[in-house]
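**Student:** Mind having a look at this structure? Questions to follow.
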Amino acid sequence: MQTVLNNLNPSQREAVEYIDGAMLILAGAGSGKTKTITTRLAYLISQVGINPSNTLTLTFTNKSATEMRNRAMELLPNNRIDQPLLCTFHKFGLLFLKLHISKLGRSNGFVIIDSDDKKRLLRSIAKELKIELNIAFISSEISKYKNSILSPEIVIQKSQLPEYKKVATIYKKYQENIEDNNLVDFDDLLMLTHKILTQDDKLREETSQRYQYIMVDEYQDTNELQFQLLELLCSQHNNLCVVGDDDQSIYGWRGANIRNILEFADNFDECKTIKLETNYRSTTPILEVANKLIEHNSARLDKNLKSHKGDGIDVKLMHSLDESMEASAIAKEIKRLLDIGTDPDEIAVLYRINVLSRSLEEGFIKYGVNFKLIGGMRFYERAEIKDLISYFRVISNPHDDFSLIRIINKPKRGIGKASIQKLQKGAFDDGMSLFGYIQKITHIDSDTLLSKRIINSLSTLINNIDKLQKSIKYDIENFIELFEKIIGLKDHYAMMVDGFEKILNIDEFYGYFQEAIGQDEEMSLDNFLNDISLQSDQDQLEEDTITIMSIHASKGLEFEHLFIIGLEEEFFPLLGDKTDMEEERRLGYVAITRAKSDLTLSYVDSRFYKGKRKMITKSRFLGEAGLIRDTSLKITKSSHFKKGDIVKHKIFGFGRIQAVNKSGKEYSLLINFGGKKKNILSSFVQSI
């Protein structure tokens, strides 16, 4: 252990040897946080003499839990029998409920349902209540409620919009159903644990006394429920050590609360903060760009990464006219790297939104660059794109039964599985294609055992296909506009959890089709479908391949040669009413710090966006990172506070913001506290 301690840098060693009391280890990217936390666990057990059963180390994935457990055990004597509890939050919840769910009057023989089981149950309840809402949306909202510790009764009381009132009604019925059947969903593992510890003072004290030393990895990703659970577990002591990086908090969209780490020192008494600022991954030029970019965030704890590796090549900018040229340029550079013997596993391309992968995929296929797509499906394998292709195939060849079955009820037309089976049987008995049989039964009075409503829906579909066939033949330039008007596929996907992303993908496909038609007067729908079939049917080779992935999927990884594409306004950062510019900037920081020695940032002059080719401007992040000097570029230091927000001050209480002005790295807020107006720095208030 002494040798291990001697191999730590001074900040790491200080964190390992600090024993009692709350501690925040602010661990920058590539600063050895896993090494620090596992060494601290081993130190507590082998040097301080803490019983392993009195420790609890929590993380977010089974993979990281296994890695941390193995690394910690390697540092402990081989003859040690007891193992510390090192697991995910949800595994801890499962172990706890197996022992104590009887406190809620339930049996510990409960069954955990997965996301598919949950959706099936929600679909059944929605059907029973005659509520038509996207099931994925309902499931996501219920998960958010549980992780915000909101009961069905509270949600019903607070819901204002009709859609959310319906979700609240389903939530209540859903919770009753799983309790009656002794089921537990993923979110219940923590919500019910929290409920038991809140209600039972004695058990809370006993549990807190048992886990005398608690450590949490990736603390910046915790949500409200996890924060409150940790408070309960530490109710009898203050020995909570959390490790994280506020600059890598990129999951606000799924409930992570960055304030948990920003305000940790305020929430836990006499907190010690240790910064790990030595980066062992990246060269100095890469870290300089990352540091300059993230300094523009106001809601952060001050930290500045320094490279242990030292100097290296400058960060490169790649400028292309459009996405096709961008993909070609990157493919050529990757081929050059591969030709000189670079390991393909050390090469990756990152993007902010999945829609940007299409041009990369096609460019890499064209130049023979093998690739694997991580954290998502290839463009032509996504459900919404498969739906579009199926529609186009039916328009081109109505007797394609396979494609017709896929789209016959998308968007929903009230044609269920039983009706489809009847149609297939009728078509088979008559020796006709499915489309031909539908034409027959919708034009004559036929005994099909189908309701009049379904017959009318099928008739409308047949008529729409006919209109689109005429459009593709005589008015191809307006085909897409007509297609979306009468089919409305974007409306079908709009209410889904990832609807925004799906609509971008649909627009990308529309734009690609229109460009293909515009570039070749002889291009037919058949030729277009054949071209994309050749692209989408490529074998996905996993060996000797470079990696393409979203920035979210890249967190925790590192690559020798890294390309980040789409550095343009509206693509990175994303822009919109719900945009959190500080989280967008943190995503940029995470992306940049994946690179070890060779980083290229790419931007273009135009891209397809929402179905149209659009001229776009360079990302503000290039200016903020000091990579370009452009007086026309708007460099901003954003505030997560805005006019009209209600905030709380520890002395003045609640107030409403009337104005926001930049003040150095912070913001000066003009706040009305019950008639008294005061200028307060943003770091001294919190949003309500």
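**Student:** Any idea which residue in region 304-315 is nearest to residue 274 (Cα to Cα), counting only those that are touching a residue at least 40 places away in the same chain (Cβ under 8 Å) and crowded, with 19+ Cβ neighbours inside 10 Å?
**Tutor:** 305
**Student:** Within region 189-294, considering only helices (runs of 4 or more DSSP H) that don't extend past its boundaries, which have at least 1 residues that are open to solvent by less than 20 Å² (accessible area, probe 1.4 Å) and of a type in the set (Val, Ile, Thr)? It would help to see each step written out before you state the result.
**Tutor:** Values: elements: 201-210, 224-233, 259-262, 264-267, 284-294.
Per the criteria, 201-210, 259-262, 284-294.
**Student:** Counting only residues that are surrounded by 17 or more Cβ atoms within 10 Å (Cβ to Cβ), give me the strands (runs of 3 or more DSSP E) lying completely in region 576-621 with at least 3 of them.
**Tutor:** Hits in region 576-621: 595-604, 606-609.
**Student:** How many residues, within region 13-70, are out of contact with any Leu (no Cβ under 9 Å at 6 or more places or on another chain), open to solvent by 30 Å² or more (accessible area, probe 1.4 Å) and of a type in the set (Lys, Arg)?
**Tutor:** 1
**Student:** I would also like to ask the following. Going through 393, 358, 352 one at a time, which residue ends up being crowded, with 20+ Cβ neighbours inside 10 Å, at pLDDT 90 or above and of a type in the set (Lys, Arg)?
**Tutor:** 352
Yes/no per residue for (1) at pLDDT below 90; (2) on the phi > 0 side of the Ramachandran plot; (3) in a helix (DSSP H, G or I):
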{"site": "86", "(1), (2), (3)": "no, no, no"}
{"site": "90", "(1), (2), (3)": "no, no, yes"}
{"site": "95", "(1), (2), (3)": "no, no, yes"}
{"site": "116", "(1), (2), (3)": "yes, no, yes"}
{"site": "125", "(1), (2), (3)": "no, no, yes"}
{"site": "130", "(1), (2), (3)": "no, yes, no"}
{"site": "138", "(1), (2), (3)": "no, no, yes"}
{"site": "143", "(1), (2), (3)": "no, no, yes"}
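**Student:** For region 158-183, enumerate the residues that are open to solvent by less than 20 Å² (accessible area, probe 1.4 Å), more than 24 Å from the chain's Cα centre (by Cα) and β-branched (Val, Ile, Thr).
**Tutor:** 170, 178
Each row is one residue, and each column tells you yes or no for (1) closer than 21 Å to residue 57 by Cα; (2) out of contact with any His (no Cβ under 9 Å at 6 or more places or on another chain); (3) modelled with pLDDT of 90 or more.
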| residue | (1), (2), (3) |
| --- | --- |
| 257 | yes, yes, yes |
| 262 | yes, yes, yes |
| 269 | yes, yes, no |
| 276 | yes, yes, yes |
| 289 | no, yes, yes |
| 309 | no, yes, yes |
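**Student:** Moving on. Please pick out the residue among 454, 415 that is open to solvent by less than 50 Å² (accessible area, probe 1.4 Å), outside any helix (DSSP H, G or I), more than 30 Å from residue 356 (Cβ to Cβ) and of a type in the set (A, V, I, L, M). Steps first, please.
**Tutor:** Working: 454 fails: outside any helix (DSSP H, G or I).
Only one candidate qualifies: 415.
**Student:** Scan region 158-185 residue by residue and report those that are under 22 Å from residue 107 (Cβ atoms), assigned to a loop (DSSP other than H, G, I, E, B) and among the hydrophobic types (A, V, I, L, M, F, W, C).
**Tutor:** Of region 158-185, the ones under 22 Å from residue 107 (Cβ atoms) are 173-185.
From the residues that got through so far, the ones that are assigned to a loop (DSSP other than H, G, I, E, B) too are 181-182, 185.
Within region 158-185, none qualify.
**Student:** Have a look at 465, 486, 506 and point out the one that is modelled with pLDDT of 85 or more, open to solvent by 20 Å² or more (accessible area, probe 1.4 Å) and closer than 15 Å to residue 388 by Cβ. Let's see the steps before the verdict.
**Tutor:** Values: 465 fails: open to solvent by 20 Å² or more (accessible area, probe 1.4 Å); 506 fails: open to solvent by 20 Å² or more (accessible area, probe 1.4 Å).
Residue meeting the stated conditions: 486.
**Student:** If residue 406 meets every condition in (1) free of Cβ contacts under 8 Å to residues at least 24 places away in the same chain; (2) of a type outside the set (Val, Ile, Thr); (3) farther than 20 Å from residue 496 by Cα apart from one, which number is that one?
**Tutor:** Going through (1) free of Cβ contacts under 8 Å to residues at least 24 places away in the same chain; (2) of a type outside the set (Val, Ile, Thr); (3) farther than 20 Å from residue 496 by Cα one by one, residue 406 breaks only (3).
**Student:** Testing residue 155 on (1) part of a helix (DSSP H, G or I); (2) open to solvent by less than 40 Å² (accessible area, probe 1.4 Å); (3) in contact (Cβ under 8 Å) with a residue 24 or more places away in the chain, one condition comes back false. Which one is that?
**Tutor:** (3)
**Student:** Consider region 1-36. How many of its residues are within 23 Å of residue 70 (Cβ to Cβ), more than 28 Å from the chain's Cα centre (by Cα) and in a helix (DSSP H, G or I)? Even if it seems obvious, please write down each step before you answer.
**Tutor:** Kept after step one, since they are within 23 Å of residue 70 (Cβ to Cβ), are these residues of region 1-36: 1-9, 12-13, 15-17, 25, 27, 29-36.
Now drop any that are not more than 28 Å from the chain's Cα centre (by Cα), which leaves 1-9, 12-13, 15-17.
The next check asks that each one be in a helix (DSSP H, G or I); those that pass are 2-6, 12-13, 15-17.
Residues in region 1-36 being within 23 Å of residue 70 (Cβ to Cβ), more than 28 Å from the chain's Cα centre (by Cα) and in a helix (DSSP H, G or I): 10 in total.
**Student:** Among the numbered criteria (1) open to solvent by 20 Å² or more (accessible area, probe 1.4 Å); (2) free of Cβ contacts under 8 Å to residues at least 40 places away in the same chain, which single criterion is violated by residue 331?
**Tutor:** Against the list (1) open to solvent by 20 Å² or more (accessible area, probe 1.4 Å); (2) free of Cβ contacts under 8 Å to residues at least 40 places away in the same chain, residue 331 comes up short only on (1).
**Student:** Looking at (1) surrounded by 13 or more Cβ atoms within 10 Å (Cβ to Cβ); (2) over 25 Å from residue 123 (Cβ atoms), which is the only condition residue 428 fails?
**Tutor:** The single condition residue 428 does not satisfy is (1).
The values are calculated or read from the model by the stated rules, or taken from the named source; none is laboratory data. Since the model is a prediction, treat every value here as computed from it, not as a measurement. Please note: Cβ atoms are built from the backbone with ideal geometry, for glycine as well, and neighbour counts cover all protein chains shown. Note: accessible area is taken over every heavy atom of the protein model, side chains too, but ligands, DNA and RNA are not part of it. Shrake-Rupley method; radii C 1.70, N 1.55, O 1.52, S 1.80 Å.
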